[in-house]
1. Would you kindly derive the ³J(HN,Hα) couplings of the stretch 421-435 from the backbone phi angles with the Karplus curve 6.51 cos²θ - 1.76 cosθ + 1.60 (θ = phi - 60°), listing them in order in whole Hz, with x for Gly and Pro?
2. Any chance you could check the Cα centroid distance between the stretch 36-82 and the stretch 106-133 for me, in angstrom?
3. Report the local net charge at N217: Lys and Arg +1, Asp and Glu -1, summed over other residues whose C-beta lies under 12 Å from its C-beta.
4. Find how much the distance from D277 to K113 grows on full extension, using 0.36 nm per residue of separation minus their present alpha carbon separation; answer in nm with one decimal.
5. Based on the Kirkwood radius over alpha-carbon pairs, what is the Stokes-Einstein translational diffusion coefficient of the stretch 312-352 at 37 °C with 0.692 mPa s viscosity, in µm²/s?
6. So, for the stretch 202-264, what is the accessible surface per residue at a probe of 1.4 Å, expressed in square angstrom?
7. Starting from the Cα coordinates of the stretch 67-174, work out the convex hull volume and express it per residue in Å³.
8. Between Rg and the Kirkwood Rh of the stretch 287-406, both from Cα atoms, what is the Rg to Rh ratio?
Amino acid sequence: MATNGDSPETYNYRDSALRQHQEPLLSAAATEPPQAVERRSTLFSICPYILGNEFCERLAYYGLATNLVVYFQSYAGMSASGAVAQVGLWSGSCYVTPLIGAWLADSYFGRYKTILGFTLIYFVGMIALSLHPILFAPTLGELPSPGANWLLYGALYTIALGTGGIKPNVSAFGADQFDMRFPQDRAEKNSFFNWFYFAINLGSLLASLVVVYIQENVSWSIGFLIPTVALGLATVSFWAGNGLYKHTPPKVSPLARLSKVLWTAFTTPPPESGVTDWLDRATLNGKFTARQVNEVRAVVRVMPVFFTSVLYWTVYQQMSSVFVEQGMQMDRKIYGDFEIPAASLSTFDTVAIIVLVPVFDRGIYPFLTRHGFKLSMLRRMGAGLLVAALAMVTAAVVETYRLEIARAGLLVPGTNPPAAQMSVWWQTPQYVLIGMSEVLASIAQLEFFYSEAPAVMRSCAMALQLLSSATGMYLSSGIVWLLDRFTQEDPWIRDNLNEGHLDYYFYLLAVLTLWNLVFHVIVSVTYVPQQRPQPVAAMPSSLPSIPPRHRSVAINFTRPVGDDDEDDMARSVAALPATPLLPANFR
């Protein structure tokens, strides 16, 4: 008898397929839509409340995250290296908290209550952050008070907690609203995700171009107030649709199942004989079935790939921290006295992804396949690491030339710290290369973790993507902290980059990434892809085959959320359809 709320599962894929054939009347009754029923459009009557919430929340998040490194230096009195480290810690936390939000939604509160509750937490954090530049505006020559920084940290990590309840649940909640028995809803569900990604990209675009400009050129308080108001509107928008929403009750969280199996296996003493693998200890005394343990084993077996994917996110994190600091000390004038904020150049990353996805998907991948060289998921991840290393080398070369110009005395008048007379547009290639690396590595990671896990454990495998991102961002902070300790006599990252060696830092990351690529190749060569049994016959279904938007992500998301091999398992994290048009940091 299984315990811990888990029922033993005695069927396999073949049994499941046969049962569906043996119960045609029940299946038809469950899937056939009512006849002659006038239905309103789910997409246009219900989803605008959800899409409005997502647009405003992303505007709020990127209105803060895009330029945070500059605020740390301007209002928190941090050094350049300290600001980089703090951004990494905060960004990493924003990728850990979604695991908490997904677990709470799946196991206890359901998606609606989780989203609404965490949006309110988020809103409180944004209000506190908006008050920080008003209450604690820095005085020239004085460091901020301890109370000022406590308010700042409290606000930021309250926001990190708030985003954790929204990020993994809102797309799944939107998918819940569609009744897949109706052809209209099946078609509109695909359109919903298109509009969902549009809302995300529009919010981030306005944040990186408009909000960031207001923060640097008008007022930080107004620049934070706009995202705060946007989040308030997001809360109202989401709450206003409550009477129209379809609510899915909480079920068993696969994250909880994974934790229970691992803990049981770890804490159960090994028997004298009969168990050869430590995970099999979880089956002793009937605590978990062999199938449940094998599902966990399928997640554990991808851990070597997980470890080789971490450093990619360390490189990726430079885009929102060190790249911005580098751009701050370059010539940012584009017309007359108009200066573009350094953080706004991150837009090139998004543009690169949108442009390069069809290039790779319709051109490069088919061309290589026709010539006998198919880029598997692991190969694409390796190629992404190589491009990420190239991005660091490019940034290092740009920094070398920038330092030469600055040390030759060619500086932009009136800038503090002094900016070199080198156009900030020279940073464009490094942003584009990061975007290219996302098309290769980030998307391949998402597809790999999803496809290598059994259906019941896909949420846990997808959680590895979030943990990989978080670990890489924490590692970025750790590397900067270590550099501060070991280069005290001649720091690489100084408040005035003209006196430091930021190019050394970029070269270091390039070397680490190449070393990581070597280990990735070793893991890829020895890794054996998961093989699963196929059903004995094609199962009839009333659902049409809706292909993914791009072949490079071969993941089937056409089934309703939660409609998989186990009806009692909820999967919020896995409910976000993968699309190359969604940059990694938007997932």
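The values are calculated or read from the model by the stated rules, or taken from the named source; none is laboratory data. What you see is a predicted model, and the numbers here were worked out from it, not measured in a lab. FYI the Cβ positions are ideal-geometry reconstructions off the backbone, even for glycines, and counts take in every protein chain you see. Note: areas computed on protein heavy atoms with side chains; ligands, DNA, RNA excluded. Shrake-Rupley method; radii C 1.70, N 1.55, O 1.52, S 1.80 Å.
1. Working through the residues one at a time gives 7, 9, 4, 5, 5, 5, 7, 3, x, 5, 5, 5, 5, 4, x Hz.
2. Their Cα centres are 12 Å away from one another.
3. Values: positive: R332; negative: E216, D337, E339.
Net of charged neighbours comes to -2.
4. Working: separation 164, 0.36 × 164 = 59.04 nm, distance 4.06 nm.
Roughly 55.0 nm would be gained on extension.
5. Approximately 297 µm²/s, per Stokes-Einstein.
6. Heavy-atom SASA per residue in the stretch 202-264 reads 44 Å².
7. Considering the Cα atoms of the stretch 67-174, their hull volume per residue is 94 Å³.
8. Rg/Rh for the stretch 287-406 comes to 1.13.
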